[in-house]
Amino acid sequence: MVRIGALLTSVAALTACMPAPGGDYCDIARTKYFGGVGTIEWLVRNDRPLLAQIVSENETRRELCDD
């Protein structure tokens with residue numbers, strides 16, 4: 001049991017040191033789509049900051065990545 005714990009600790013430590021996948025913003029960013037009007041209506045009533053963040057991120061991706 002001690003060996004498994006040591007192994008998991010080693011793997012976790014190595015994973016933390018691994019570099020992030022390469023690529024620029026446009027390789028990594030993805031447009032976030034809403035499931036439908038009901039989703040947007042729910043966000044308007046219950047989580048406007050999240051709605052604003054999603055819209056802002058989508059607009060940023062469009063401005064930077066779409067030709």
The base-10 log of I(q)/I(0) that the Debye equation returns for segment 22-67 at q = 0.19, 0.21, 0.33 Å⁻¹, one scatterer per C-alpha, is -0.64, -0.73, -1.16
In the neighbourhood of Ile40 defined by beta carbon distances under 13 Å, the net charge of the other residues (Lys, Arg +1; Asp, Glu -1) is +1
Residue order, fewest to most beta carbons within 10 Å, for Asp47, Asp27: Asp27, Asp47
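Read-outs throughout are calculated quantities, based only on the coordinates presented, and are distinct from any laboratory measurement. As the structure is a computational prediction, the values presented were derived from the model and not from experiment. When we count neighbours, we look across all protein chains shown, and the Cβ atoms used for this are built from the backbone with ideal geometry, even at glycine.
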